[in-house]
Each structure stands twice: as C-alpha cells, then as structure tokens.
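Reading through the structure tokens given below for one structure.
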Amino acid sequence: MRIDKGAWGNWITDGWPIEQVQVNEHDKTILRELAKQFRELCERPIEQEKIKLWTAHNDLQETRPLILVDMENGWNEAIRFDRDIQCEGVMAGDWEMWLRKEIMYGTQIKDDKPLTPVFYLPYRGVNTEWGITDDHEGSGDINEAYTWKPKLADMDDDEFDELDLDTVIEDPYVEVDEATSMATYNLAKEVFDGILDVQFRTWWFWSSHMVLAYSHLRGIDGMMIDFYDHPDKVHEIFQRLTTGYINKLKQIERDGWLYNNVGNTFVGSGGLGWTDQLHPDPQHMLLKDMWGLCEAQEAVGLSPAMFHEFIFPYHKQVADLFGLTCYACCEPADPYWDDIRQLHNLRRVSVSQWANAEKMSEFLGRDYVYSYKACSSDVAVPNMDEDHVRETLAHTLSHTTNNNVEIVLKDLHTIGNKPEQVFRWVEILREEIAKIYG
C-alpha cells in the first residue's frame with residue numbers, strides 16, 4: 001500500500017525523480033481546486049491571530065498554552081491514498097496529500113498551527129549522512145521495523161583504540177539535483193499560479209545526530225561500554241562526528257540550500273518558528289539567523305557527570321552556530337539541566353513523557369519555552385478514554401501556569417484508525433485551557 005512520505009506533517013525529504021515531475025490536466029484541476037479551498041482558509045483573520053500568538057510565545061511573552069498536532073504515521077489512517085487521493089501521478093498525489101492535510105488542519109484538527117498560502121517543495125537531493133547507516137535488515141520504511149548491524153561492534157579493544165577514523169567515518173554532505181529541483185519548482189508555480197506562493201523547504205539540518213551516529217557505529221550497548229572502557233576514543237569519535245556535521249551545515253549555508261525556518265515551520269522537536277528575535281534574509285540564509293536543535297535520545301541513562309564530559313561539549317559546538325537553540329526530544333532533560341542551561345541561545349526545551357514535568361516547570365519558568373510532549377498513546381488506542389485524557393491534560397496545565405507552554409501531540413504511529421479521536425483530543429485540551437486561562 002502506498003503511504004505518506006511527509007515527515008512531521010508536510011516535509012517530503014527526497015523530492016521526486018525527473019520522470020515523476022509531471023502533472024496532467026486531470027490532476028491539475030484537482031490540485032487547483034484544493035489549493036483554492038486552502039487559500040480561503042488561509043485568508044481567515046484567525047490565521048493572523050495564530051501567527052501573533054506564536055510570535056509572542058516564542059519571544060517569551062505571556063500567552064495561553066499553544067496547541068500543535070502532527071499525526072505523523074497517523075496521517076495514513078486519516079487520509080489514505082487508496083481511498084482519498086484522486087490524482088493519478090505519483091508527485092501530484094503527494095501534492096494532493098499535502099493540501100488535504102492543510103485543509104484538515106483548518107477544518108477538523110483546529111489546533112494553533114497557522115495556515116499560510118505557501119506550497120512547500122523539497123529539493124531533489126541526497127543527504128549522505130555518515131556512510132555508516134546502510135547495514136540494516138528490513139526495508140526501514142515508516143511502517144516496518146528494521147535492525148542494523150553496527151559497523152564497529154565486533155572490534156576487540158586494541159583494534160578499536162587504534163582505529164583510523166578517516167577510514168570509517170565519511171564527512172556528510174548534501175548534493176542537490178538543481179535541474180530536477182527547478183523543474184519541479186517551475187511546474188508547481190504553473191499549477192498554483194494566482195493561488196499559492198511556492199517555496200523550497202528541507203530538513204537537512206534538523207538535528208545534530210552525533211549520538212545516533214555513534215550508536216550506528218558501535219551499537220547502544222557498545223557506546224555505553226565505550227564511555228567506561230575507551231573514553232579517549234569516545235572523545236575522538238564525537239569530535240570527528242561534530243566536525244563533520246558542522247562542515248555539512250556550513251556547506252549547506254555556502255551553497256544556498258538552507259531555508260527560512262523563522263515562520264510557519266516545525267522547529268526543534270515541537271513548536272513553530274515564528275519570532276521577532278531572528279531577522280533572516282530569505283535570499284541569503286545564514287545559520288546564525290535560524291533555529292537549531294540538539295538532542296541525545298540514545299544517551300538516556302548516562303549520569304549527569306558523563307553527559308557533561310561526553311555529550312554536552314559537542315552539542316555546544318553545534319548550538320553556537322544558530323540564532324536560537326531547541327534542546328531535547330524524547331529524552332528527559334531534567335537530569336542534565338545544569339549543562340543544558342549553559343547554552344547562550346537556548347529558547348525551547350522538550351519536556352517528554354520521560355521527563356520530570358514538575359521539575360522542568362521549575363527549571364524553565366518564563367525564561368524558556370516549555371515544549372510539553374503529550375502522551376501519544378492516549379489517541380492511539382481503539383477507543384480513547386476521554387476522562388483519562390481530560391484528567392491528564394488538566395494535571396499538566398495545573399503545574400505549567402508559570403511557564404511559556406506549548407502542548408504538542410506527535411509521535412503517532414497509529415490513531416486507532418479514528419482521526420476523530422485526535423480532533424476530540426484538541427477540543428478537550430481547549431476546554432481545559434479555558435477553565436484555567438479563561
């Protein structure tokens with residue numbers, strides 16, 4: 001079954017090969033009609049109110065809690081290619097999926113995501129990563145599990161200590177097919193002429209995946225043992241990975257492949273990028289004018305002292321390149337807060353289901369954005385327990401009244417084939433916000 005390829009709602013990461021860059025008249029008619037429906041939603045006054053709300057929120061002004069939903073894999077249950085997508089072409093079908101998602105945001109999800117009259121395209125390109133993630137079994141598709149065999153897992157101690165890293169870690173880089181990318185862009189401009197603007201958007205710099213890369217080299221168990229048995233080699237590897245990632249960021253900046261994430265785009269591990277405190281030039285994007293993210297989900301379980309020695313110094317090197325920094329994803333941030341708060345440009349911190357939420361409320365106060373990740377399993381079950389959802393959300397709101405809080409529902413691998421449960425979840429959250437904030 002064909003599935004949605006858009007990560008975080010509307011990011012298609014790879015673009016389309018040139019043979020798929022076509023839209024027939026049948027598909028063009030469908031796309032233009034959907035684009036008109038979307039444009040009408042974008043023109044509602046409430047959309048500008050949402051933008052002002054996100055801007056104030058990110059600039060640490062006091063607002064009510066903001067709500068952001070991304071059904072992720074659940075989109076494949078809410079909008080299905082075999083039931084809802086009418087376009088005949090592969091690329092046109094992806095574009096139709098994008099538009100139907102935006103319309104669903106405005107008509108049924110009704111969270112605080114602003115609708116803006118822009119159609120986003122990915123570049124057709126390749127992000128090489130590190131050359132260390134290819135040895136896996138299974139397809140690795142969004143609906144399938146897979147395993148990988150870490151490249152360096154079977155080395156003995158001496159062999160590992162003497163390893164020449166240049167032989168196993170390739171500098172990552174981005175290579176863009178400019179001709180195909182521009183052909184796609186020009187076709188989109190033609191299809192949506194007079195209705196929507198068209199802009200490029202990619203995710204090649206979304207997170208500094210150094211810890212993930214290390215775990216692909218040695219495995220999670222191997223990485224944890226290395227912290228004890230091979231500390232010098234750990235530092236050597238992390239510095240090699242950090243330097244490689246920074247080189248990739250600078251290459252993307254130099255070649256002009258960055259995009260403006262100060263606006264209606266997902267930043268960090270939750271939240272949108274609107275702010276008056278960054279002033280990018282969309283025609284000449286620089287890292288220092290953008291949001292960045294550091295996270296170390298694979299390092300859960302490290303002591304604060306080991307995090308301080310082995311993780312934080314490398315994250316700081318990356319974070320310093322950006323204008324504002326987001327920190328954490330699913331991992332708890334509270335054990336490592338003494339280090340994390342040292343980032344001079346820290347603005348948004350993820351408070352996951354594995355974090356001490358009350359402690360994080362005290363730590364963050366109104367000095368940072370409290371990005372709370374709601375419990376995704378509450379809407380993933382066949383029948384949502386509304387009383388439980390209400391009680392859980394009310395508890396969260398009760399201890400975040402002194403925070404700049406956003407409540408993000410994401411990481412959904414299923415929605416129980418009931419998108420209405422997500423819609424109702426938003427309604428319940430709004431009701432509970434109204435009780436506390438008026």
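See the values below:
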| quantity | calculated |
| --- | --- |
| Span from the the stretch 82-105 Cα centroid across to the the stretch 390-438 one, whole angstrom | 28 Å |
| Above-threshold pairs, the threshold being 26 Å between Cα atoms, out of Lys373/Lys418; Lys110/Lys359; Lys28/Lys418 | Lys110/Lys359; Lys28/Lys418 |
| Nonlocal amide H pairs with Val267, under 5 Å, H built at 1.01 Å | Leu272, Gly273 |
| Cα shape, the stretch 75-211, gyration tensor, a/c 1.5 rule | prolate |
| Separation of the Tyr437 and His235 label points, Cα + 7 Å toward Cβ, nm | 4.6 nm |
| Among Leu241, Leu60, Leu165: highest mean-square fluctuation, GNM of the chain, C-alpha pairs under 10 Å | Leu165 |
| For the stretch 1-101: rounded, prolate or oblate by the Cα gyration tensor [a/c cutoff 1.5] | prolate |
| Burial order of peptide ranges 154-162, 257-265, 18-26, 216-224 (average beta-carbon count within 10 Å, highest first) | 257-265, 216-224, 18-26, 154-162 |
| In Å², nearest 10: area of Asp385 left accessible to a 1.4 Å probe | 90 Å² |
| Long-range amide H partners of Val369 with built H, under 5 Å | Arg348, Val349 |
| Full-stretch length increase - His279, Ala394 - with 0.36 nm per residue and alpha-carbon distance subtracted | 37.8 nm |
| Full-extension gain in nm, Asp154 to Val90, via 0.36 nm per residue minus C-alpha separation | 18.8 nm |
| Rounded if a/c under 1.5, otherwise prolate or oblate - the stretch 202-304, Cα gyration tensor axes | prolate |
| Arg2, Arg240, Arg348, ranked by accessible area, largest first (probe 1.4 Å) | Arg2, Arg240, Arg348 |
| Separation of alpha-carbon centers, the stretch 220-279 and the stretch 11-74, rounded to whole Å | 26 Å |
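The values are calculated or read from the model by the stated rules, or taken from the named source; none is laboratory data. Just so it is clear, the model here is predicted, and its values are computed rather than measured. Positions of Cβ are backbone-derived with ideal geometry, glycine not excepted, and every protein chain shown enters the neighbour counts. The area values use the complete protein model at the heavy-atom level, side chains included, leaving out ligands, DNA and RNA. Shrake-Rupley method; radii C 1.70, N 1.55, O 1.52, S 1.80 Å.
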